[in-house]
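*Asks:* Let me begin by handing over the structure; questions about it come next.
The values are calculated or read from the model by the stated rules, or taken from the named source; none is laboratory data. Since this is a predicted model, take the numbers as computed values, not measurements. Every residue, glycine as well, gets a Cβ built from its backbone with ideal geometry; the counts of neighbours run over all protein chains shown.
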């Protein structure tokens, strides 16, 4: 990383007085938006005194696509592909969270099989997101080989996603009131085999990192976030739990049948970068345990809410042969699922934290206002505070440990 | 996970009125009482986490903007929605909650960026997702989905000055159209489809 002053790019639109009010001994450093350790397009304007950060000003918005404006102008089902692109490392979990929010507005409960499948999807998405998070985090601290281990497993997961949804990344698998389709034959067995293979690999990564002297030295006592700060800044998910707050929406406000499954909440003690690593590592194992339990208890029955005639279109074979189903399919496709007027705010425990959807509906198939609360947005807001007084090289570690994704931060 | 008793809350804080909601307890709060309520929620009612701040634009009705706050209690695991109608339709204002929750900082900057709501006593109220110098607030309902069809500079002026009109958004506007790419309302049909606009009633 260069330590001399770098002039800020894109001057026309993003000029600032930042350099002007530097003291005589201070130096400004522009980090990002295209920097390997900013994991996407985050730009940090750092003010340095030697190697110590005296000010950190994150600059967001490089990935802003106006998702909330887009949502106001299309039906609920049409918006599902856009949720893939929020936290694009766990698209399945976003799909489920959005569907649950709209279903809550419609007072619709999906059948047990659909709920069970959704739990599997969420937990596989969590495993996939944490595997990536761990891999790149280890790479940021200099442990390159971990990345190879985690990405090998992640690749297998993506193959499973592809078999299920037809897409590796942009899955768009849920629908309001159900799923795009039922599970393909033999898929659960493959998931079982994947989980069985995953745990030894995670143990291997564990052995490589957890007591690795270099890794521990780089992460312990670095980027400490106290429990009070974590709550005050609205942190959620693994970052909040690493600070010692046992808060998890799957336990606290169980949705989607999470209360039927047994799992532990890993909680950190100090809230430093090392704790955040440990929490994620343990969460992978817990998620694997949940997936196993769901597969054991997988209920039979429909994979969508059959009684919701104005929300979920019937299967294609019936649409092609029966008049009533054809009309139903036509109405839902053209006008969107019919959702009653009301206001709803739903948060789901996603890999990065609580992904929230606030929907104000005036009835019909289109939301009047849809607000997305991206957990990465809130998790990043603590960055100016954590980076203050840290060494420049620690900023990279702190960024890696917060495990954010700019897709849902900028929306 | 028991939800908050609304009657209890409106009893202790008489300025609150209950609000219809499909899920969590919700109240309307006048803007002048917001700071008092937020302080009490944090100190006495145990709402230690500010989940979200956003706005709704009730286009063509007054008060035009409402700020929507979601508070969460990590101890009792319950939510509360507080909706605050903002007085001025042109320059809506609300008190900033940054003194109580630092989390409010970025949420309020986003609401300012997207809706133009001024948060008083905010330490650093500037745009967060769009860039400084951008003149519009994109989530206001009158912000167009596609370009306004605008007159291009005269061919002679274009030749003399070398002006090229590039269809924004980098130009900073609700997008100007250019002849090179065709008229925007034609290339982006949803923008021209008035049935989707708030200015026209949606077809039933």
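*Asks:* Which condition does residue A:35 not pass, out of (1) touching a strand residue (DSSP E or B) at 6+ places or on another chain (Cβ under 6 Å); (2) without any contact (Cβ under 8 Å) to a residue 12 or more places away in the chain, if it passes all the others?
*Replies:* (1)
*Asks:* Starting from residues that are farther than 19 Å from residue A:377 by Cα and assigned to a loop (DSSP other than H, G, I, E, B), keep the ones in the range B:89-98 and report whichever is nearest to the other protein chains (Cβ to nearest Cβ).
*Replies:* Out of the qualifying residues, it is B:92.
*Asks:* Still on this model: Quick check: is even one residue across the range A:107-123 touching a residue at least 40 places away in the same chain (Cβ under 8 Å) and within 11 Å of chain B (Cβ to nearest Cβ)? It would help to see each step written out before you state the result.
*Replies:* As a first pass, look at the range A:107-123 and keep what is touching a residue at least 40 places away in the same chain (Cβ under 8 Å): A:107-123.
With within 11 Å of chain B (Cβ to nearest Cβ) added as a condition, the list becomes A:107.
The answer is yes, given that some residue of the range A:107-123 is touching a residue at least 40 places away in the same chain (Cβ under 8 Å) and within 11 Å of chain B (Cβ to nearest Cβ).
*Asks:* Residues A:193, A:181, A:278: which one is modelled with pLDDT under 90 and either more than 30 Å from residue A:345 (Cβ to Cβ) or surrounded by fewer than 16 Cβ atoms within 10 Å (Cβ to Cβ) (or both)? Before you say what the answer is, go through the steps one by one.
*Replies:* Working: A:193 fails: modelled with pLDDT under 90; A:278 fails: modelled with pLDDT under 90.
Answer to the check: A:181.
*Asks:* While we're on this one: Which of the residues belonging to the range B:1-17 are loosely packed, with under 14 Cβ neighbours inside 10 Å and closer than 30 Å to residue A:250 by Cβ?
*Replies:* Result: B:1, B:2, B:3, B:5, B:8.
*Asks:* Still on this structure: When residue A:296 is evaluated against the numbered criteria (1) crowded, with 16+ Cβ neighbours inside 10 Å; (2) in a helix (DSSP H, G or I); (3) at pLDDT 90 or above, which criterion, by number, is the only one it fails?
*Replies:* With (1) crowded, with 16+ Cβ neighbours inside 10 Å; (2) in a helix (DSSP H, G or I); (3) at pLDDT 90 or above applied to residue A:296, the lone miss is (1).
*Asks:* Can you pull out every residue in the range B:71-88 that is in contact with a strand residue (DSSP E or B) (Cβ under 8 Å, 6 or more places away or on another chain), assigned to a loop (DSSP other than H, G, I, E, B) and either within 9 Å of another protein chain (Cβ to nearest Cβ) or surrounded by fewer than 19 Cβ atoms within 10 Å (Cβ to Cβ) (or both)?
*Replies:* B:74, B:87
Conditions (1) at the interface with chain B (Cβ under 10 Å from one of its Cβ atoms); (2) part of a helix (DSSP H, G or I); (3) surrounded by fewer than 24 Cβ atoms within 10 Å (Cβ to Cβ); (4) modelled with pLDDT of 90 or more, marked per residue:
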{"position": "A:360", "(1), (2), (3), (4)": "yes, no, yes, yes"}
{"position": "A:366", "(1), (2), (3), (4)": "yes, no, yes, no"}
{"position": "A:384", "(1), (2), (3), (4)": "yes, yes, yes, yes"}
{"position": "A:389", "(1), (2), (3), (4)": "no, no, yes, no"}
{"position": "A:400", "(1), (2), (3), (4)": "no, yes, no, no"}
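*Asks:* Scan the range A:165-172 and give yes if some residue there is farther than 22 Å from residue A:407 by Cα and in contact with a helix residue (DSSP H, G or I) (Cβ under 6 Å, 6 or more places away or on another chain), otherwise no.
*Replies:* The answer is no, given that none of the residues of the range A:165-172 is farther than 22 Å from residue A:407 by Cα and in contact with a helix residue (DSSP H, G or I) (Cβ under 6 Å, 6 or more places away or on another chain).
Every residue, every condition in (1) within 24 Å of the chain's Cα centre (by Cα); (2) in a loop (DSSP other than H, G, I, E, B), yes or no:
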{"position": "A:280", "(1), (2)": "yes, no"}
{"position": "A:283", "(1), (2)": "yes, no"}
{"position": "A:288", "(1), (2)": "yes, no"}
{"position": "A:300", "(1), (2)": "no, yes"}
{"position": "A:307", "(1), (2)": "no, yes"}
{"position": "A:320", "(1), (2)": "no, no"}
{"position": "A:329", "(1), (2)": "no, no"}
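*Asks:* Give the residue that is nearest to residue A:69 (Cα to Cα), with candidates limited to residues of the range B:106-138 that are part of a loop (DSSP other than H, G, I, E, B) and touching a strand residue (DSSP E or B) at 6+ places or on another chain (Cβ under 7 Å).
*Replies:* My answer is B:117.
*Asks:* If you check residue B:9 against the conditions, is it in contact with a strand residue (DSSP E or B) (Cβ under 6 Å, 6 or more places away or on another chain) and in a helix (DSSP H, G or I)?
*Replies:* In short, no.
*Asks:* What number of residues within the range A:47-77 are over 20 Å from residue A:381 (Cβ atoms) and more than 11 Å from chain B (Cβ to nearest Cβ)?
*Replies:* 7
*Asks:* Do we have residue A:346 as surrounded by 15 or more Cβ atoms within 10 Å (Cβ to Cβ), more than 14 Å from chain B (Cβ to nearest Cβ), within 30 Å of residue A:287 (Cα to Cα) and in contact (Cβ under 8 Å) with a residue 24 or more places away in the chain here?
*Replies:* It is false that residue A:346 is surrounded by 15 or more Cβ atoms within 10 Å (Cβ to Cβ), more than 14 Å from chain B (Cβ to nearest Cβ), within 30 Å of residue A:287 (Cα to Cα) and in contact (Cβ under 8 Å) with a residue 24 or more places away in the chain.
*Asks:* What are the residues in the range A:38-78 that are more than 30 Å from residue B:144 (Cα to Cα) and free of Cβ contacts under 8 Å to residues at least 12 places away in the same chain, if any?
*Replies:* Start the filter on the range A:38-78 by keeping residues that are more than 30 Å from residue B:144 (Cα to Cα), which leaves A:38-39, A:44-57.
The one that is more than 30 Å from residue B:144 (Cα to Cα) and free of Cβ contacts under 8 Å to residues at least 12 places away in the same chain: A:50.
*Asks:* So, in the range B:19-60, exactly how many residues are in a loop (DSSP other than H, G, I, E, B) and either surrounded by 18 or more Cβ atoms within 10 Å (Cβ to Cβ) or within 12 Å of chain A (Cβ to nearest Cβ) (or both)?
*Replies:* 14
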